[in-house]
1. Out of residues 5 or more away from residue B:47 or on other chains, whose amide H comes under 5 Å of its own, with H placed 1.01 Å from N in the peptide plane?
2. With every atom except the alpha carbons ignored, what do you get for Rg and Dmax of chain B, in angstroms?
3. Per residue of the range A:252-266, in order, report the coupling 6.51 cos²θ - 1.76 cosθ + 1.60 (Karplus, θ = phi - 60°) as ³J(HN,Hα) in whole Hz, putting x for Gly and Pro.
4. Which entries of A:207/A:510; A:72/A:106; A:267/A:287; A:36/A:102; B:331/B:382; A:222/A:287 have Cα-Cα distances beyond 18 Å here?
5. Quick one: Cα centre-to-centre distance for the range A:353-369 and the range A:470-487, in angstrom?
6. Across peptide A:72-83, how many C-beta atoms of other chains are within 10 Å of each residue C-beta, on average?
7. Which semi-axes, in whole Å and largest first, does the equivalent ellipsoid of the range B:262-421 have when worked out from the alpha carbon gyration tensor as the square roots of 5 times its eigenvalues?
8. Roughly what would the spin-label model give for residue B:247 and residue B:206, points 7 Å off Cα along C-beta, in nm?
Amino acid sequence: MYILGISCFYHDAAAALLNDGQIVAAAEEERFTRIKGDSAFPRQAIHFCLESAGITAQDLDYVVFYEKPLLKFERILYSALATVPRSAGLFREAMVTWFSEKLWMKTLLVRELGLPPQRVLFADHHLSHAASAFFCSPYTEAAILTLDGVGEWTTTATGYATADWGQPGAHNQIVLDQEVRFPHSLGLLYSAFTAWLGFVVNNGEYKVMGMAPYGTPRYVDKVRQLIEVASDGSFHLNMRYFSFHHSTQHTYNRHFVELFGPPRSPKSEFITDLTHPGASEVASSLKVKNQYYADVAASIQVVTEETILAIGRDLQRRTGARNLCMAGGVALNSVANGRMVREGPFENVWVQPAAGDSGGALGAALYAYHILLGRPRVATMEHAYWGQAYRSEAVFAFLQKMGVPYLELPDDKLFERVVDDLTQRRVIGWFQGRFEWGPRALGNRSILADPRSEAMKEVVNSKIKFREPFRPFAPAVLEEYVDEFFTTPNLAQNYLARYMLLVSQVSPSKQTVIPATTHVGGTGRLQTVRAGWNSRYHALIQMFGQATGVPVLLNTSFNLRGEPIVATPQNAFNTFVGSDIDVLLLENFMVRKTDLGSRWEPTFKGAVGE
Amino acid sequence: MIRKLVTLFLLLSLYVLLSVFALELGLRLFAKVPPTAAPGFFWRTPDPLTGWSLQPNTSGRWYNAMYEFDVEVHVNELGLRAPDSVGYAKSPDVYRILVLGDSFVEAVQVSFEQTFGQQLAELLNDAGASIQEDVRRIEVINVGTGGWGNDQQLLWLRHEGHKYSPDLVILAFFPANDYMNNYMPLEFANQQAIRKPWFEWAEGQLLLHDFPFDPEKTEPGRQRMRELAAPGFAVSTAETTVNPGALQGLGEWLHQSSALHRYLDPRLRAASPNFASWLATTGLIEAGRETADRAQGSEYIPVAYGIYADPLPSPWPEALVTTRALLDEFKQETSQLDIPLRGLLIPAAEELLPGMWAQLLNTYPAMRMQTWSIAQPAEQTKALFADAGIPLLDLAPMFRQQLADGNALFLYEDRHFTPVGHTVAAYHLARWLVQDPTAALFSASAVPNVLPVAWGHLVWRGVGWIVLALLGISLVWSVYRNGPLNWWRNTGLMLGTTGELLLFFVRRQNFVLLPLVIILLLFGGLLVVAQASVVGPFIYTLF
């Protein structure tokens, strides 16, 4: 039985395909269209999913959309009405898009896929999120927490779920029995600060998280004027300070600015005592200013973490569950996740790696299969490599076509060379297998470097221009050694660590060993690597470990600034040429910048990473 | 809790107050609202000759509750709605036309110059109309009083009219109530009193009663009328008195001081007579016709509409006979004066406007239980005039034509002619008198065409056609683009979604949003049709 899940028209359009409950393929549309955060109908992602299974749309038993358009339409009408006349612009714009497109979702799905309407289903936005986490987790029962900007009405939902693994009397169930509704949204609160700190909403939230360790949470009280959190974690925004509910342009208003001061310019340099210690050639006023922004970032981060923790504690008390499944955009806050793992009341925490709206596509399909059809569980999601693969033949054909000089080597020889390059402080573009599901590069579309010296951070940064210093590089560490390097207990068993979904303290003794991937405050957003689900990546890091004694690599996503992570060999090659990456690895083919010659002199040199 | 409720209450009150204030201001600025309560018939006076007539030397401003007009009414010293210069004496070069009638000739809904009589004079003069060899100035005198029947008109002509040395008499006949007016048993049922001298057709002759009229001496006639009162149109002898509601003072004060009250009052009565009569019991609005109607019970049908009943019930045939006899009297009076007599058939609003008739059925539900012939009064009248040998002009066909062209000829609340209605009547009357072989009295060049063109209406109709054409084109285009099968399926799905959407809002009891959603869907439908089609750019500018 084939079920296709689809999410689109808000941000991050995606498609995911299940075959008898097993994930066949899942991908975000942006990787194919090369438009970052593309929200258009995911035609190419759907095509890819169907192709992966070797089927056509006619073979689909169901297509499930990840939210309920009518409910959402109701919310938009109500919130526009509630804020008349300020909402006039928003209303006008919304009505045009709703009546030309969003309202006719069913028509669109039927038309695009050529399916009879009775095979088109709709799942609730937060139930899609919940299913994307719970039905990928290995648990039989779990508490559920979904957190995002807004779905239909809900912004935060909690509840309890049980899974049918074939044990007698079990059945699949997700009950979201408590919720917080629009406009009271933790996600939108965080986004307001994201905008105020000069980053792009829906995209720059993790930069706020990265900036936070540079500051001290001095302004928690001020933040608490915006959000009132009850002891059970339920919260209420003071809408006096916000305009996201009636504006398409602004998320916060002048009252917010009166409280926190003028917003940070997106172009301004981030300079504090921590980034430029001591030296006084930089205007100290700039330092003071940036220190203030960092302090505010730290404050909103702390409030977010504590709110999530409060919700978690109440949820555990209420459900008595040992396990927690989380999804929704806010569940990508890896610092908060780390605290939930360490300080939270749950024994185990599971977060969907595509926690944002793209994950809703997978969740909607899982919801239909396990809840609507009541089929028992068959699989857990053990890795995130569900995208398109380009095997050696395809890479070979590409290189031939382009006339690029390359070297084809078997793995052991290849990795020897790569380790050699890494220790020589060269930057590697690493492309293999199926691309990742979700926003993180996890070793199939990564840029790799040696994490052992502080200088390497500078090296990568000098090749990766315009990167703010508060944006850390992630350490990819062999699962076997993770406890040596990080203090959070049981990281080897922790699913979040596989998906770069939590931040942990680096062991004090190791902070100087891997300075390039140790963020300010001695933390790292690690990824554990297991041979079982990425043997080549594991082998490479292992070989690097044998050569250096440090089984850790610096890993950052393989893309040019402002672009989605690369998908095809062509994308990878373009990025390689357009940046100062030294060595490109496409499966077993090695391309060296020095061998390229003038023919491939880049016409545009962009910055890597975003 | 209590504090919260009090705050809520205060906020709500403030909201209501502000809304009322805003409405009041908006109405005063932009809407047509009468400046005070509508004045009564200040120009009417009892009269021994006709029962009632126009009060000599009276002037004043008159308008109705819906403020459909606002007119200076002036009555000269002879009791005519005419300039003071008009007297009995007639200068030799003047050809004088007397137009006899009721409220349609009184025409206090339009200015004196706009009455069809005055427009007729102007048209004939412009056309250089002349009789025989000498060209003379043509003068028209309106002789009409609201509520008059042909009996009163006859009495006036007999005792007053000849003093004016008329050259032509035009009898404006209004079948919708003239038959009733002419026959006292029906008029009594209508007015519940004898208010004028009246004729009775008995043994081949017309007997005149209560003449000259003295209200103190009508008791014998009154008794007889009660006996004669027609079955089926039973006269309710109980006077309909309404106890003034407790809020009467407030209601009156509001009506005097608030434009909002004066604006809503007549519209409310028209929209929901039941609610209005309930409201009248509180005193917030004055008890009006709707209250009196209600007091008559659910079987009530006003007497006047009996003329439309098919077959004509008793005693209406008697009214026809009496009227026929009155027509002979008119002929006799005019032949004694040696002048011609012409008839003008005035159409009723409910006869020409289906909406008005429907409204009648709505107001008097008992009417739905009977059969009606809307054309009957006019047909009867034409037969009667033909039988009497009086040339008659039926305005109905011309009015129908003008109504179809989008001209408003009747006032909605008042039901008399609009200025345009008067123009149409005058133009056709002038043409008839000049050109029609059966009635022509004048030789003249062509009567100048003054028929109005309803430009606004034509423009809207044009826009309507263009929109329809564009929609048609886009429909064809979208069918062509998608292929008929796909188009059919997509349209079906969209209609399905639309239905789902409406059901969804109903099921969630979102009734507040429903009107908005429906309007949006209409616009949305346009948007969908417009997509990828030629109309797109035009429709997008709407947003």
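1. Placed amide hydrogens put B:52, B:53 under 5 Å from residue B:47.
2. 28.5, 95
3. Rounded to whole hertz, the list is 10, 10, 5, 5, 4, 5, 4, 7, 10, x, x, x, 7, 5, x.
4. Details: A:207/A:510 25 Å; A:72/A:106 15 Å; A:267/A:287 15 Å; A:36/A:102 20 Å; B:331/B:382 16 Å; A:222/A:287 21 Å.
Correct reply: A:207/A:510; A:36/A:102; A:222/A:287.
5. That distance is 28 Å.
6. Details: counts 0, 6, 7, 0, 0, 7, 3, 0, 1, 3, 0, 0.
Mean shielding by partner chains, rounded to a whole number: 2.
7. Sorted largest first and rounded, they come to 34, 20, 16 Å.
8. That separation, rounded to one decimal, is 5.2 nm.
Coordinate-derived values only; no laboratory data. Remember, it's a predicted structure, so these values are computed and weren't measured experimentally. A quick note on method: Cβ atoms are made from the backbone with ideal geometry, for glycine too, and the neighbour counts reach across all protein chains shown.
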